[in-house]
Each structure stands twice: as structure tokens, then as C-alpha cells.
């Protein structure tokens, strides 16, 4: 750490300071060392990588001026924009996801104040500057592509006396027969999704935001997750989950099809916003290991090794759902996950941004693992609900997976410098 | 993943195949892309980095032939050698530490069999090759500097009927008044320390080893931890713990002072071995945050921001424990952590290799965090016990930290190709 004294004097860098044109054309000298050298090594921080499973162009990437850190630590994702960061951002390695319940004393005026505090915190933290009250400022200095994404749960609107402003689609998911939901991973008035390519940075940032909210809201649940660490896989590679499955193959490219992810809305606060579904899915890996790889391939409808559909050869090949084998049976089983998880209607696709979780096993267990499934879509009812109903009705994979948590949030539009998160909804101080 | 079919045909690469000379002189074409490019970017995978807090030379580093992964994913630490890997290895980003209890049916003959299985597994996994029975072989293909370190607890020897072979020093630590030990993090007949620069690789490898042991031993406890992700900090930087402290500043350099870490022993199985202490230390971050930074600096005897002793300017400056301020009081408090954690006797230093842990907070908590403190030292009685007694007796930091788990293990010497872990102790099949 060469910059440990800067928290007292540094303000959040302006957008111009931290942003560098995508493609490296305008890379400054400091960044040429970091991001430029990484690119030369075939590596990219999340700030600079295409969304996995897409052919998308790298995003704009910044760097934190003056830090002597490793190049992944230096990388900055701009927190400002039409959309909040952390959605179209190529998923960073680490997630800390916290849902909050409002304190009884939090009215609209106090909510505005919390949003102002969080907006400032986000502007600082994502550029590697500690907040003014941070007692461990050194843990803020390596943003490592940190993003913070804030969302509002269905219960928030009643509590703030603005029930009339709740979007009609914003509600908990229907109860599905496959669900075994636990209160400690379900619901919430507010959500804060913190992602970074460094686990300590993510943990610290989530903590700073929770402390800031102390007199406004109480943590309801926290979920942690990880994907591959930075530089471990080639940029843009699809993540594997604990079952060995490639997870997230058929994602839309946020750069090419933003309308699938971000809303056009007559309400200003949602125009450029999104809907977020969180499902905590326990994966019974100890039982999954009792079936062999050919049986798994039938369950998935894909070859586990390559991710290719059973009717194809490569991960991104289109499956032929009509194809039949010599005996006349479908090659892809009628209940295979690949079949149940898709739709012929391209406008129904969702953006999956999942993380693996690992908890300490209970006695007698070898593994206690699962997926923090996170999906963003412009239209919850048109895109997400039909898919979820279809999977809940029939999916071979359901025998080994159990949803144990569920929550839905409205994601407000992004904010420009000088704006405050949610100001069109709550008003401004 | 371009190499998903290789698990069926690839044997563990020979030592010659995977090892590349330190310093990059003999880097082959494939590695030049990966490790060489990383070096050019000022980055190093753990396999190639000096031990943090030392000026040590990079270790030898290998690469996994043929994988199209990111350069951190490709890196291989040789599992063979006079000492087991994972001790002098610059700490990787992620830890999964599992203690096992032997099954009642495990006698010496079955113990030999388990050691043979684990030795083979370790040889495969650390080179990125899945084990033969692995049902998620794709999760083994990116070793990311994977190491596996195996140790034997004091209770193992009685259970196997070889109590006479238990080293006299191998015993649980004495009960300290600061301890609030929980069974679920204490003791164990066997330990397996899995470290990797990728969290999924570490989780998977630990799982493979636990499954392999299924009929021989049962997991007693599991602890996970993380440090900075690869490429986030400059190579060799000291880790910060959740309190913001630089943790591990005064480590001996394993390359320069191996005798502090590895045993010279008349027992062949321990000659080149070590002793390992695991302490799970809960850190009351919510209460720590109630004291300000100047007060913290007094507790630590160091400036939190830079890690410098209060009598110095830089992290590695020697503290002046005799220095007094204007009023005649010691500048470094008599109970400051820096004073209580050190010894004037250089031969008493230990190698700290800690990881941060984060668990889901309980209701009302903001944070549930701590340290998986791991120390290796040649001589437990001469090096570790006096230090621990001194800290337990008086250390300002004890007001915010609580040991909740404790275990001691004897680490057998390393193994050469063709040898089996622990074969001098248990005999060979």
C-alpha cells in the first residue's frame, strides 16, 4: 500500500479522471503499466472484460491513479451512468449480497438521507477512496473492479407510505412446489449487491455500507459467493458451478441487447432500471455424485465436459430439441434442464449473473454448497416468470437442487455525478 | 476450457514436464505466454512469488501444458520435494482446511492405503489432472498454484496403535484463559490444508480428498479463508486482516531461514517436516470499530495505515521497544500487540500463513469475521509455546479477539515421485 494516507484528502475522482476509453487507445501512462500489461498478457480485469458467454466488446475501464497495487487491484468500473454498474459489468470474482429491512423510524425523509449517504459512499469506494468515517480505510484502496448495485423490495413502498409508486410487477415470486424457502434468505426491503475481483475489498465495502445504514435499516440476510478468481480463466469464459456445469451459457449480450436487461419506463426512476431476482439454490452435491457422467448429461441435456448440447459439439451450438435417436426417442430428454430452461421466444431471455456459494458442512455432510442465482431482466413478468414456472413444473435437475431463498427487487436507473440514487422516487433532500 | 477431455487419458505430468526454472530462463513456449507475460505485467502467481513480508527469491514455477486458461489458472507448484508444498509456498488466495477423525475401522494397513490414495490424488490435482473417480473433472483443470499439505494430530497415534511413535511435543496446546474453544473447530486426527489462487479449484480439490477418505476418516471440521485474490496486490505484499492490520510482517524468509520452519529430525518421517498450529480467532469487528485509529495504533504498537512501528516510519522498520515519549512513558505500550508478539531471540520466530474468514452474521451482528491463524515452525516448544503464552498472558488486542478453535499437527516430510506420504511412519503397502 503506497497510498495509505490519501483517504483523508482524496475526493472521488471525477468521471473524466478515472475513465479510459475502451480498447486502450487513450490509456494513460499509469494505466499502461497495469491494464495495458494485463491485456498484453491476455488477461482482463472484470472492468475490462466482455460478459461471459457473449461476444461483447470490453467495457470502458479506468484505473485508480497512483496506487502501486497489482493491475487487477487498480481497475475501476465507473459507478455513474444511465444504468447502475454491476449488471452489465462482466461478473467480478466475488459477491457480498445484503438485504436490509427498514427501521421503524425510517420515513421518506430518512430514506432520502440514506440514499445520499450511500451514493457518496459508492462514488468513493468504487474509485478506491475510503469513506470519511471508515476506520479501516486501507481496505478500501484496491477497488479491483468494485461495483455496488442497489435495489428496492416490494415491502419498501408500503413502509415509506408510497404504495402507489410500487410497480405493479414488483412482488415476491409465487410459491413453487420445489421451494423450501427459509426466512433467513428470503425477502427484504432493500438490497445491496457488492461485487469485486478481490474478496477483502468486497467484504469491506459491504460492511461500510451496512454500517452507514445502521440507523436506517438492519441487515436481514447476507449471502456470499465466488466465481473464478481474476486471471484464472481466459476473459469471458463461462463459469462452472459446483456440479461442474457451465452456468450462464445462453446469456444475452448486454451491449447488443440492452433492452432485454434494462427497462424503458414512463417512471423516470425506473427508466434505465431493471428487475432483479435472487434465488438461493442449495445443490445436493453429495447425492449428485452418486450418478455417473452419462446420466448427468441426460439430466442437463448437455455434455458436462464441454457444455455442448447433446445434439451439438460446442458450448454455443444451438440444441436441436426435435432430434431423435435410432429408437425414436428424443436425444434431449423431454425433462432435461436445457429444454426446460429455454424458450423459443428470444425476447424472454434473462441475464444470469450467478455466484457459487460454499458453507461449512453440517455433521455427516461432505459438502454444503449451492448457487446464489441472480438474474436481471427488463420485464419480470414476460421474461422471468414463465421461465421459472416452466422449470418448477418439470426439470430433471430439480431432484438435486432446492431453492432455499427468494427475493425480488426493482433496480432504479443509474445516476450521474451530482445525482442521488432513487431521487426521482423518494425526492431529494 | 479447451482441455475437457484430457482427464481420461492424462497421467500426472512428470516433474520434468511441469517444472520450469525460477527466473524464467528456461521458460518454454507455452509458459512464456502465461507466466512470462504475467511477470512482464509485474504480476506473479503464488507459485512464482516471494513469501509476503520477505525479500525471498521467487520459487520454481511450472505450468499446466496445453490449457487455454488464464495465466494464474495455469500455474503449477510442484508437490514433490524434501518439504511438503503449501508451507514455504507464497500463500495463495484461498484456503480450505479440513480436519478428519479416523473411522473406528481404520488400522495401520488402512491408513497406508489412504496415504497412497491421497498421494496419487495430490500428484494429479496439483498438476491440473482430475483423479480417476472424479465426477466433476472439469473443476480440476485449473490448478492455480494448488498445494495440498497433510498433517497428523496427536490422537492419531493411539488410534493406530503406534503411540510410541508420537513425537513428545505433539499435543494440543495448553488451555489459555483467553480461549473459548468450540469442539467444532478444535482437534482432529488428520488435517488437509488445500490452498489455491482459485476458490473453486480449492473447494473442489478439498472435496475430492474428503470423498477419497470416505471409508477411512470423517470430516471433523472445515475452515475456509481468503487473502487478496491473485493480481490484486503487488507480489509479496503483506496481507491485511479484517481489522485493517498488516498481518505477517515479521515472517522469516523460508528460503533464507528454512531451519526455523522445517525440522531436522532423527525420525526419518519428520526430517524435513514441521509442526502446524491452527487457531481460529474470532475478531469482534463491530466492537473494534468503536475505537478510533489513534487508540488502535496504541493497541497494535504500529500505525495501522502503514504497518510501521510507532517508533518507525516503514512496515519493516525494527521497533524501538525502549523508546520513551516526552512524559517518560514508553512510546510502544507495555501491552501493545507488537511487543507481546515478539521475542528478542531470532530463533523463536514462526512462519505465519493466515487467512481471513467471513461467515454469515448472526442476527444483530454486522460482521462475523476472523482469522484462520496458521503457523509453521520447526520446534513447537521452543518457538510457538513461549510466544503463545506471552500473548495469552497480556496483549491489548485480546480485548477484541477470541480464540474459538485450536489444533496442532505434525507435518511429515515431503515426498519424492514414487514415494508415499508418511511411508516412514506407517510403512508401505
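The values are calculated or read from the model by the stated rules, or taken from the named source; none is laboratory data. Keep in mind it's a predicted model, so treat the numbers as computed, not measured. Cβ sites come from the backbone with ideal geometry, for glycine too, and all protein chains shown count toward neighbours.
With A:146, A:139 as the choices, which residue is within 23 Å of residue A:275 (Cα to Cα), within 14 Å of another protein chain (Cβ to nearest Cβ) and in contact with a helix residue (DSSP H, G or I) (Cβ under 8 Å, 6 or more places away or on another chain)?
A:146
Surrounded by 20 or more Cβ atoms within 10 Å (Cβ to Cβ) and either within 18 Å of the chain's Cα centre (by Cα) or touching a residue at least 12 places away in the same chain (Cβ under 8 Å) (or both): which single residue out of A:142, A:108, A:117 fits that description?
Residue meeting the stated conditions: A:142.
Restricting to region B:358-387, what's the tally of residues that are in a strand (DSSP E or B) and within 10 Å of chain A (Cβ to nearest Cβ)?
Going through region B:358-387 one residue at a time, the tally reaches 4.
Could you pull out the residue among A:306, A:343, A:311 that is surrounded by fewer than 22 Cβ atoms within 10 Å (Cβ to Cβ) and within 14 Å of another protein chain (Cβ to nearest Cβ)?
Result of the check over A:306, A:343, A:311: A:306.
For residue A:320, state whether it is part of a loop (DSSP other than H, G, I, E, B), at pLDDT 90 or above and surrounded by fewer than 19 Cβ atoms within 10 Å (Cβ to Cβ).
For residue A:320, the condition - part of a loop (DSSP other than H, G, I, E, B), at pLDDT 90 or above and surrounded by fewer than 19 Cβ atoms within 10 Å (Cβ to Cβ) - is met.
Determine whether region B:165-175 contains at least one residue that is in a helix (DSSP H, G or I) and over 26 Å from residue A:197 (Cα atoms).
Yes: region B:165-175 contains one or more residues that are in a helix (DSSP H, G or I) and over 26 Å from residue A:197 (Cα atoms).
For residue B:92, state whether it is farther than 21 Å from residue B:272 by Cα and either assigned to a loop (DSSP other than H, G, I, E, B) or at pLDDT below 90 (or both).
yes
Please enumerate the residues belonging to region A:216-237 that are under 30 Å from residue A:396 (Cβ atoms) and surrounded by fewer than 20 Cβ atoms within 10 Å (Cβ to Cβ).
A:236
Provide a single number: the residues in region A:111-164 that are closer than 30 Å to residue B:240 by Cα and assigned to a strand (DSSP E or B).
4
Is it the case, given these coordinates, that residue B:415 is closer than 26 Å to residue B:112 by Cβ, part of a loop (DSSP other than H, G, I, E, B) and modelled with pLDDT of 90 or more?
Criteria met by residue B:415.
If we only count strands (runs of 3 or more DSSP E) wholly inside region A:186-302, which ones have 1 or more residues that are more than 14 Å from chain B (Cβ to nearest Cβ)?
Those strands (runs of 3 or more DSSP E) span A:190-196, A:274-283.
Among the residues of region A:167-192, how many are touching a helix residue (DSSP H, G or I) at 6+ places or on another chain (Cβ under 9 Å) and surrounded by 18 or more Cβ atoms within 10 Å (Cβ to Cβ)?
8
Go through region B:176-185 and report how many residues are farther than 20 Å from residue B:354 by Cα, assigned to a loop (DSSP other than H, G, I, E, B) and touching a strand residue (DSSP E or B) at 6+ places or on another chain (Cβ under 9 Å).
1
Residue B:354 is checked against (1) more than 14 Å from chain A (Cβ to nearest Cβ); (2) modelled with pLDDT of 90 or more; (3) within 26 Å of residue B:253 (Cβ to Cβ) and fails just one. What number does that condition carry?
Of everything listed in (1) more than 14 Å from chain A (Cβ to nearest Cβ); (2) modelled with pLDDT of 90 or more; (3) within 26 Å of residue B:253 (Cβ to Cβ), residue B:354 misses just condition (1).
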